[in-house]
Every structure is written in structure tokens, then in C-alpha cells.
Amino acid sequence: MLDLKGVARYFGGVRAVDGLELTVGDGEIVALIGPNGSGKSTTVNLIAGVFPLSAGAIYFRGEDIGGLPTHRRLQAGIARTFQNIRLFGQLTVWQNLWVAQNALEDRARRGFFARWLGGRARAREEIFQLLEFSALAHKQDELAANLAFGEQRRLELARALASKPKLLLLDEPAAGMNSEEIGQLRERILSLRQRGVTILLIEHVMELVMGVADRIAVLNFGQKIAEGAPAEIQADAAVRRAYLGGEA
């Protein structure tokens, strides 16, 4: 589904991502891990179109998307969450999901206003399902800014899902969560795979990574130093030196 070919992003003399080769297959959960500053979030931003490529190419479902703006990548089926929560704080939970829906008819002004005026029962049903999935139905009329931290994390995931993505980029979704919330997030991620969503997960919480990932790629100083099944990554000496804190 997703192919990164020699992907690079330079900031002056800093090689934030340097010649990255990575493939995410249809229906896979692939985790991208590494120390702070290793290039993980930059990789997500390159895939989402926030940063232009310095070199290389990105293919999504066989098409080169390296030159597409962010909104075109969303329309193609790529959605993301953010490391730092970026909700519309002064909109309600319901409204945050409503504005995120990626409906084809919304690209015409007439269709957009029809949905604004409540004309699309299907759109409302889809929002209700997302509220149920994220355990936020009882908070649908609350302002997003008034939610507890864990609730905001769940809303951000639900907002990304509102666009009906084929590929979901999760940038540290467990940051700030307690053990119970991480367990619930794990179940939601596994449920999404059962629904056919392909996931690229950026995460430091190894409990979550090892519990959901089919395959793990490890970055260090912008370069991939290892890739394999979770058990292989745990046993890799280079990974232990760079990230997991063990000795070679």
C-alpha cells in the first residue's frame, strides 16, 4: 500500500531522514520506532505532505504522491493523528468529527451546505458510530477543550477515522496515557485492522508496539538500522544500543 523509496528530508545540514526505504503492506500494522530526534515524526510529515521531499519518492497504492498537497493525500485515503493534540477546542466533540468527514460530495459547495444543514442521515450515523467506537457518545455536546486528556486522545483518533482512511498514520498516540488507557488503545488499533485499515504507528511505548505490530522498523539519526518481527527487533544488538537501553 505504501512504499518509501530512498526518502530523505534535509534541514540545512541536518539529515532528519536519510535514504529511508520502507514498505507497508495492505492490512499491516507497521511500527516505526527510534530515539527522540531519529526522524520518525519527520517521516510521518513527509508521508502526509507537511514537508516536501529532499530526495526519493513516496508511492501510495502504486501512485507517486510526492508532489501532492496535504488535502489531496487525505482525499486519496491517508489520515493522521498528531504527537501534540490538535483538536478544534472551541467546537464540540460532534463538530470535530463532522468537519473531518471526507465526503466526495463535500468537494462541491452544494453538497457541503446540504450536510451542514443536516441533510445527510448517513453522515450523522457515521459520526454516531465513531462516538461509540471512541467511548465519547456521552460527551458529544462537550467542547473538545473541556475533555480530559485521555478523552482528547480518543477524539483525535476518531477525527482521523472520520475521513475513512485506507492508511492511518498514528504519531505517538499513547503519549501521556496511563496503563489502562494504553490497553484500550491497543484493542482499538487491533479492531481497526480487522476493519481493513492499514496502520503506520510511531510510538515510544514498547508495551503497545510489541502488542500490535506485525513488523517494526527502527530509525537512528534518520537512517533505518533494523527491520523485522517484534521478537527479532527485541533481540537485535544495534537496536538495544540505539534505543532499548541494553548492551550489545
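Here, each number is a calculation from the coordinates, and none is a lab measurement. Worth saying up front: this structure is predicted, and the values here are computed from it rather than measured. For neighbour counting, all protein chains shown are included, and Cβ atoms are generated from backbone atoms with ideal geometry for every residue, glycine included.
Miscellaneous remarks
- Point-charge dipole on Cβ atoms (K/R +1, D/E -1) for the chain, about Cα centre, debye to 20: 920 debye
- The candidate values are (i) 19.3, 66; (ii) 18.4, 62; (iii) 17.1, 50; the one derived from this structure for Rg and Dmax of the Cα atoms in Å carries the label (ii).
- A Cβ-based charge dipole, computed about the Cα centre of the range 146-194 with Lys and Arg at +1 and Asp and Glu at -1, lands at about 320 debye.
- Listed from fewest to most Cβ neighbours within 10 Å, the set H138, H204 follows the order H138, H204.
- Across G183, G34, G66, mean-square fluctuation computed from a Gaussian network of the chain (C-alpha pairs under 10 Å connected) peaks at G183.
- The simple Förster model, with R0 at 25 Å and r as the Cβ-Cβ distance, assigns T70 and E181 a FRET efficiency of 0.30.
- The range 126-229: trypsin sites (Lys or Arg not before Pro) in DSSP loop, at most 14 other beta carbons within 10 Å: R195
- Straight-line cross-link partners of K139 among the lysines, defined as a Cα under 23 Å from its Cα and at least 8 positions apart when in the same chain: K164.
- In sequence order, the range 81-95 has phi-based couplings of 10, 10, 4, 9, 4, 10, 7, 8, x, 9, 9, 6, 4, 4, 5 Hz under the Karplus curve 6.51 cos²θ - 1.76 cosθ + 1.60, θ = phi - 60°, and Gly or Pro positions carry x.
- Choice from L22, L200, L157 showing the highest fluctuation, given a GNM over the chain with Cα pairs closer than 10 Å: L22
- Residues with amide H under 5 Å from that of R80, placed H, sequence gap 5 or more: L169
- The DSSP beta bridges internal to the range 152-248 are antiparallel in roughly 50% of cases.
- Charge dipole (the range 110-235, unit charges on Cβ, about Cα centre) - positive-most of G150, A135, A175: A135
- Within the chain, percent of DSSP bridges classed antiparallel, to nearest 5: 55 percent
- Positive-pole candidate from V99, I199, I47, dipole of the chain, charges at beta carbon: V99
- Interatomic Cα distance distribution for the range 1-91, bins of 10 angstrom, percent: 15, 48, 30, 6, 0
- Within the range 51-106: Cβ-based charge dipole about Cα centre, in debye rounded to nearest 20 (Lys, Arg +1; Asp, Glu -1): 200 debye
- A226 long-range amide H proximity, modeled H, under 5 Å: V218
- For the range 140-156, Karplus couplings with θ = phi - 60° (6.51, -1.76, 1.60), whole Hz, Gly/Pro x: 4, 9, 7, 5, 4, 5, 8, 6, 5, 4, x, 5, 5, 4, 5, 5, 5
- Packing-based exposure ordering (other Cβ within 10 Å, fewest first) of K164, K5, K40: K164, K5, K40
- Normalised contact order of the chain, rounded percent, pairs of Cα under 8 Å and 6 or more residues apart: 27 percent
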